[in-house]
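Chemist: Sharing a structure, written as C-alpha cells. Questions coming.
The values are calculated or read from the model by the stated rules, or taken from the named source; none is laboratory data. In this text the structure is predicted, and so the values were computed from the model without any measurement. Note: ideal-geometry Cβ built from the backbone for every residue, glycine included; neighbour counts use all protein chains shown. Protein only, heavy atoms only, side chains kept; ligands, DNA and RNA dropped before computing areas. Shrake-Rupley method; radii C 1.70, N 1.55, O 1.52, S 1.80 Å.
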Amino acid sequence: FGSRPCVAFPRASPAPRRPTCWMSEAGAGDNGLAKLPEAARLAADAATAAKNQGNEALKSADLPRAIERYEEAVRMVDIALEGAPQERFLRNNEIVRYGDGKFAMIDTAYPQFEDYVLMDLASRDVIKHKVGRHDFDMVSKRFLRKEMHLVPQEIFDLRLACLQNISLAALKMARGSTLRQDYEEAVKRANDALVMDGRSAKALMRKGQALVDIKEWPKAAQALVAAAQETKGKDPEVMRLLEVVMAAKGKGTGKGKGLGKDGKGKGANAAGSQKKAASCSSCQDPSCQDEACSRRPDSEEDSDDEALCSIKESDGKPVEGDDPTVEALKAATRDDATGVGGASSSSSAPAVDDAATSGPSAACEAQRGAKAGKRSICEKASRRQCLVISGFLVGALFMAAAVVLFLMPTFLRHSRAGAEGGGGVGG
C-alpha cells in the first residue's frame, strides 16, 4: 500500500446462456447451421433451398408444387437431424426428440444420475407415467440419455416453419375444391405442426379456419380460443373467426341458447327453461331427477359459449361479464327466480310462482331423504370402523403390559444375581 497504486482485477464475464426453445438466433448473421457436420450441413442447406422454392410456388398459387417442396424440405431436415452432434450431458430448456417422433423440452436435468424429466411441446405438460392402480398414481417419468435425440434450435425452427406453410397451402387447396376430405386434410396438416409446438398461433388459426368451413363448431372454438390467447387478442382474423363461431353456436334452439338484443331467447324452450330453473331454486343437488331441475346452467355445452364470450380483444384473457347477452340472460333468470318479473310473468305461469314460493318439490324432498339415509349409513360404518380400531389398540396395549409383567421378575432376578456376584469378587 502507501504510494503503490491500487490495481483492480477485471471480473470475468459470465458465459452466454443458450437460447431457449422460443429464442432463436437464426437470421442474426450466423444461423448456426455451419456448426453441423458436413453431411448434416448439406442436408440442412438442401432443406432451406426446398423451403424457399415452396415459398415461391405458394406466392404464385402453385399449391401442389408448394406442398411437394415443403415436404421435401421436411425430409431433408430429418436427415440433418439424424446427423446433428449429440452431447453426453444435456441442460434444461434444450429441445429433444423422443418416442415416435415427438418433441419435448428438458424440464429438469439430473446429470449425476444421467436421467431427465421432459415437458412435451404438444401438450406443454410434464410427461408422467402410472405407478399404481389408481389414475392419480402418476409420477414424472425419467428418460435416459439414450432415449433422447438432441435437436438444434435452427433445425427445429426450420421444420416447424415448413409444417406451418404446408397447413396454409392445404387450407387454400381445400377452399378451392370445397371438399370435406380436403378440409380434413388441412386439419391433419395443422395437427402435424401442433405436434412440434402445441401453442403455434399460425397452426391453431389455420386449424380453426378449416373447422369453421366444415361447421365443426366445438372443435373450432377450442382451437380459436387457444389462438386468441396466444396472440393476446390482437389478431383481427382470429377475432373475426371467433365472432363467426359465437354467432353459429347461438343459433341453436332449446336450452335458451339463442339470444336476441333484448336478452330474450329465440328458441321455443328458452322461457320454459328459465321458469324451470326458477321453480326449483332451493334445490342445489346436481343429481336431482326432478323435472323442475332438468336444466343445468353449468352444462358442458354452455361452457364453450361462456369461454367464447369471455375473450376480450384487448388482452385475450377471460373476463367476467364481457358479453351483454349473457348478463341479460342472468338478469332474466334472477328476475324469474325472485318473482320480480312483473305482472305478466306471474299471470302467465301461476303454477311456477307457487312452486317457487312453496319450496322444493316432492321429488327433491325424496332425493334429500335418500341422501340423508346414505349419510347416516356412512356415519354408522365410520363409527363401527373407529370402534374396531380402538379395540385393536386397547388389546395391543394390554398385551404389551402383560409381556412387561411377565418379563419383569426374570429381569429383577438376573440383575440381583449380577449384583451379588459383583460384590463377592470385590470382597
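Chemist: Mind checking the per residue accessible area of the range 78-156 for me, 1.4 Å probe, whole number of Å²?
Modeler: I get 56 Å² per residue for the range 78-156.
Chemist: Continuing with the same structure: With label points built 7 Å along Cα→Cβ from the Cα atoms of Val131 and Arg41, find their separation and express it in nm.
Modeler: It works out to 4.6 nm between the two label points.
Chemist: Given a 1.4 Å probe and every protein chain left where it sits, what share in percent of the accessible area of the range 102-236 is carbon and sulfur?
Modeler: 50
Chemist: Whenever you get a sec, line up Val195, Val187 from highest to lowest accessible area (probe 1.4 Å, protein heavy atoms).
Modeler: Greatest to least solvent exposure: Val195, Val187.
Chemist: For Phe89, Phe156, Phe406, give me the order by solvent-accessible area with a 1.4 Å probe, most accessible first, ignoring ligands, DNA and RNA.
Modeler: If we order Phe89, Phe156, Phe406 from most to least accessible, we get Phe406, Phe89, Phe156.
Chemist: Find, among the GluC sites (Glu not before Pro) in the range 46-96, those assigned to loop by DSSP (not H, G, I, E, B) with at most 12 other beta-carbon atoms within 10 angstrom.
Modeler: Of the GluC sites (Glu not before Pro), the ones in loops of the range 46-96 whose Cβ has at most 12 other Cβ atoms within 10 Å are Glu87.
Chemist: Same structure, new question: In nm, what is the difference between 0.36 nm times the number of residues separating Phe406 and Arg240 and their Cα-Cα distance?
Modeler: Extending this stretch completely gives an extra 51.1 nm.
Chemist: Follow-up. Net charge around Phe136, counting only other residues with Cβ within less than 13 Å of its Cβ (Lys, Arg = +1; Asp, Glu = -1)?
Modeler: +1
Chemist: Let me ask something else about it. At q = 0.21 Å⁻¹, what is the log10 ratio I(q)/I(0) for the range 146-261, with the Debye formula run over Cα points and no solvent?
Modeler: Relative scattering, expressed as log10 I(q)/I(0), comes to -1.11.
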